[in-house]
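Below: one structure, written as structure tokens.
The values are calculated or read from the model by the stated rules, or taken from the named source; none is laboratory data. This structure is a prediction, so every number in the text was calculated from the model and none was measured. Backbone-built Cβ (ideal geometry, glycine too); neighbour counts: all protein chains shown. Side chains included, ligands, DNA and RNA excluded: accessible areas come from the protein's heavy atoms. Shrake-Rupley method; radii C 1.70, N 1.55, O 1.52, S 1.80 Å.
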Amino acid sequence: MNGLPNADVPGGLPLVLASGSPRRSQLLKAAGYRFSVQPAGDDAECGLCSSVTAPELVARYAFRKALDVVRKCGDAVVLAADTVASCDGLVLGKPDDRDHAAAMLRRLSGRRHDVFTGVCLWRSTDGRCVVDVVRTELQMKPISDATLTDHLDSGRWEGKAGAFGFQDGNDWLEIVGTGSESNVVGLPMERLAEMLRDFDRLSTVVDLSDDSFDSADRSQY
């Protein structure tokens, strides 16, 4: 993707990406950001109630990933994100295996669905944090059995919410309206630049000793 927006990191601090996702790193590099990578621990992505909505889920996971890394890093602005697909209220995260991926894609075939990414920015020097969620609507064309088999055989479904990657050039996926392409890939670069520019206005101070998402006044998700 070309022409991705860029913004200065608040206070000129180092930017730390709390994710091992190569796609998020590629987006940041393409936009010209300088950053280091320090993935959050696996336990940051477990233990949430399955009854939460997709926007709430990605917001909470982004918050928990950022918190995990903020507690371990030095002076920095930590960026964390989490992405899921959602269809008819059912959250579709990363597939467990090939059969799970096939079931997800059959559910999405020929239908519209949403991709949600939660984004969290957390400044370790003063504990200020902001969380937001971006939605992009996608239309998936009907997938033939042959196309589905080819996609599953390619392995491109692995580690991707909804068992697909928009960036893989699948001609059976298209964005509805003016939604963010980078959001579907895993990091809404337009909203990220806005959050960085307006960080002091948007953020609030969060107590590092309390890892409750609700305690951080995020109840809108």
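What are the pairs, 6+ residues apart or on separate chains, where a residue within the stretch 96-112 that is at pLDDT 90 or above has its Cβ under 6 Å from a residue that is open to solvent by 30 Å² or more (accessible area, probe 1.4 Å) and in a helix (DSSP H, G or I)?
none
Being part of a helix (DSSP H, G or I) and within 10 Å of Thr136 (Cα to Cα) is the filter here; which residues of the stretch 180-192 pass it?
Correct list: Glu181, Ser182, Asn183, Val184.
Just for strands (runs of 3 or more DSSP E) wholly inside the stretch 70-179: which have at least 2 residues that are among the charged types (D, E, K, R)?
Answer list for the stretch 70-179: 112-123, 128-140.
If Gln38 satisfies every condition in (1) over 23 Å from Leu92 (Cα atoms); (2) out of contact with any Leu (no Cβ under 9 Å at 6 or more places or on another chain) but one, which is the exception?
(2)
Inside the stretch 132-146, can you point out the residues that are free of Cβ contacts under 8 Å to residues at least 60 places away in the same chain, open to solvent by less than 60 Å² (accessible area, probe 1.4 Å) and of a type outside the set (Val, Ile, Thr)?
Glu137, Leu138, Gln139, Met140, Ser144
Name every residue in the stretch 173-189 that is under 22 Å from Asp88 (Cβ atoms), touching a residue at least 60 places away in the same chain (Cβ under 8 Å) and open to solvent by less than 20 Å² (accessible area, probe 1.4 Å), in order of residue number.
Once the filter is applied, which keeps residues that are under 22 Å from Asp88 (Cβ atoms), touching a residue at least 60 places away in the same chain (Cβ under 8 Å) and open to solvent by less than 20 Å² (accessible area, probe 1.4 Å), the stretch 173-189 yields Asn183, Val184.
Out of the residues in the stretch 84-128 meeting the condition of being within 21 Å of the chain's Cα centre (by Cα) and at positive phi, tell me which one is most open to solvent (accessible area, probe 1.4 Å).
Asp88
Assess whether Leu192 counts as being modelled with pLDDT under 95 and either surrounded by 18 or more Cβ atoms within 10 Å (Cβ to Cβ) or closer than 27 Å to Val9 by Cβ (or both).
Taking the combined requirement at face value, the residue does not satisfy it.
Can you spot a residue in the stretch 71-83 that is modelled with pLDDT under 95, within 16 Å of the chain's Cα centre (by Cα) and closer than 19 Å to Val176 by Cβ?
Scanning the stretch 71-83, I find at least one residue that is modelled with pLDDT under 95, within 16 Å of the chain's Cα centre (by Cα) and closer than 19 Å to Val176 by Cβ, so the answer is yes.
Of the residues that sit in the stretch 28-68 and are modelled with pLDDT of 95 or more and among the hydroxyl-bearing types (Ser, Thr, Tyr), which one is surrounded by the most Cβ atoms within 10 Å (Cβ to Cβ)?
Looking at the filtered set, the residue picked out is Tyr33.
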